[in-house]
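Data block below; observations after.
Laboratory data are not the source of any read-out in this text; all were calculated from the coordinates shown. Computed from a predicted model, the values in this text were never measured in an experiment. Positions of Cβ are backbone-derived with ideal geometry, glycine not excepted, and every protein chain shown enters the neighbour counts.
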Amino acid sequence: MCRRDTAFPSMAEIVTPHDKLFRALLDDPGRAESLIRDYLPAPWRAVLGTARPKTVDATFVDAQLKGTQSDRLFQVELTDGRPALVYVLLEHKSTPDPGTPYQIMTYMLRIWERYAQGQPKRLRAVPPIFPMVFYHGGPDWTVPTAILDCIDGEEAVKDLVHDFRYTLHDLKPIDYDRLSENPSLRAGLAALKYSSERRLKAETLARILLDVPGGEPIERQVLEYAMRVYNITRESLQTAISLAETRRSEGVVTTIAEELLKEGEERGIAIGEKRGIALGEARGEARGEARGEARGFAKAVARTLERRFGPLSGSQLARIQALSASELEALIDRAVTAPTLDAVFEESAH
């Protein structure tokens, strides 16, 4: 159950004759209660409790509309003891505004957001809002009174969206083959589907690569996503590519993978968990810098090697940490062409 109290920021002073009179009328608790009970539709009145409405000192009208709209918000109690809100908008434009249904929906969202007071759990149980609009312009009001009435569609279509419920599709439990009949869409959704696991089997990656059309931008995008998001070892990547390209006539995937690896190594990987020293910066400033920056560079080198070859052993990590900035720079350059992790360290010993 929601808390009974609400807290909203104070409304700014608005100086228009319409607003002054509107506020004067509703600042009195007795008149405010009379307006609510006189003008709310009967089904809404039927669920109201007997407690007097409480004024909430807040405004939700857009700044550019404050000269043509005034609003008041009241907290009421329902017959079951739970809170509700009555939102009253005075529309004092000279003619009906077709944007009113959209503005009302926007204001309701703002009310709920401020009711939550930054606490996500409160958004799971917000109070109902009963909106009312008062108009005193010349022409008759011809604007729809519900956003649903603004939707261009037959009644059967409107019935499908009348409660504005969204459809949830959790990708995790959906089998790969059921993700989509469109191969490239299926590949992209699959790449997203397994991301929470962080590790992607070579067979699964090969299946994804088989689904993406060769030579199209989506091929590179899917592969780049997989290489950036998943902890893929060099061996797993090569295995996946081999499995995929046995079904293809060209070695495009291999070329793309090599390009991405080179780009990643040249661009550098952000290092320092909170310090954010870039690898590119470290390369340019490593010589003559303090040992603290060299340690940050070492973390970047270790991460790059793990991206290519998989997890490093404790002794390998210790060896990297002991290297100077210039030695680390040489090490990362060798890692671009070295076929194995052992080869990288063997060369560094010479």
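When DSSP beta bridges are restricted to pairs lying wholly in segment 17-161, around 65% turn out antiparallel.
Take the cross-link list 121/299; 54/121; 54/93; 66/158; 20/158 and give me the ones stretching past 29 Å between alpha-carbons. Listed pairs above 29 Å: 121/299; 66/158; 20/158. Highest mean packing first, where packing is the average number of other Cβ atoms within 10 Å per residue, the peptides 27-34, 57-64 line up as 57-64, 27-34. Charge dipole of segment 17-161 (Cα centre as origin; +1 on each Lys and Arg Cβ, -1 on each Asp and Glu Cβ, all else neutral): 720 debye, rounded to the nearest 20. Protection proxy ranking, highest mean first, for peptides 144-156, 93-105: 93-105, 144-156, where packing is the per-residue count of other beta-carbon atoms within 10 Å, averaged.
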